[in-house]
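Okay, structure first, notes after.
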């Protein structure tokens, strides 16, 4: 096989999941065009698939396609020396018919892994800069032949999370609510988004940040009842928010004011600033780290064939672990332990 013009191993870092997913889709399209067929795709999570299992998959050829593309998410949770050594060895000499993508919402992985991948194989997906947001929104609205004035743009940024997947959803809603060639004002945006806004995975974090335990459980029930949000999406949103909160907490612990920390992390909307300031009063950096691990463990269980009847109590247990225990005491492995904790 001829040398690849694209790296076979990637580190995809940073919190901007929308752009990260776009890059993955572009990479899939690239290899499909090059090989003449879609690659065999695998999405794995470090919390449920060990590095040894990952290496086994990488080193075995595909039975159904000329190429495999493997996403290994939450890669930052791989920390043991033996596991890191195995991955580093593979990264230095990858299988020629396999593309490996190591995903993390932090900004880096261990230096030895980054060195093995090389500079060409690492991409950091930063959140949209303040100066980029208006143009991004205008471009997205233009696809539906809708425009927006300055006040409307500001209203969108005030009401929506600063993350492209959330902004995409809001722009899609606006495009569906108004006829072509409409020029939106702030009142149009507020009426549409406020009316159409349902509870979502990000509003769950709002309740957690505010310390409203019962309301957080009610949001979980609402999300599961309307079946519009996958449990994995709920956990992904919680993970995204607590990783950002951890970074903010570290900045504050180093002597920055909350406003300085928010500016550093590019949290610019007033709604988001209020939310994270409230959460900063409740959670330490260590709390956030433990909570992310709890979320990863819960996600692994959900993806491991958990019966539907256990999903609601398992997510309730996660919220209890987050809000009451601050990430302490959630150890679920095997059905006996699961039954014990869920009946507690």
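The values are calculated or read from the model by the stated rules, or taken from the named source; none is laboratory data. All values reported here derive from a predicted model rather than from experimental measurement. Using ideal geometry, Cβ is built from the backbone for each residue, glycine included, and neighbour counts are taken over all protein chains shown.
Points to keep in mind about this one:
- Taking (1) more than 26 Å from residue 295 (Cβ to Cβ); (2) assigned to a helix (DSSP H, G or I); (3) in contact with a strand residue (DSSP E or B) (Cβ under 8 Å, 6 or more places away or on another chain) in turn, residue 99 satisfies each apart from (2).
- So residue 53, is it under 30 Å from residue 265 (Cβ atoms), outside any strand (DSSP E or B) and out of contact with any helix residue (DSSP H, G or I) (no Cβ under 9 Å at 6 or more places or on another chain): no
- Exactly one residue out of 12, 91, 87 is crowded, with 21+ Cβ neighbours inside 10 Å, in contact (Cβ under 8 Å) with a residue 24 or more places away in the chain and not in a helix (DSSP H, G or I): that is 12.
- Residue selected from the range 272-298 under the condition over 19 Å from the mean Cα position of the chain (by Cα) and part of a helix (DSSP H, G or I), by the criterion surrounded by the most Cβ atoms within 10 Å (Cβ to Cβ): 280
- Of all the listed residues (84, 141), the sole one being outside the structural domain of residue 28 (by TED's automatic domain parsing) and over 29 Å from residue 32 (Cα atoms) is 141.
- Among the residues making up the range 113-125, a single one is part of a loop (DSSP other than H, G, I, E, B) and either crowded, with 16+ Cβ neighbours inside 10 Å or in the same structural domain as residue 183 (by TED's automatic domain parsing) (or both): 125.
- Residue within the range 20-42 that is within 22 Å of residue 238 (Cα to Cα), touching a helix residue (DSSP H, G or I) at 6+ places or on another chain (Cβ under 7 Å) and touching a residue at least 24 places away in the same chain (Cβ under 8 Å) present: no
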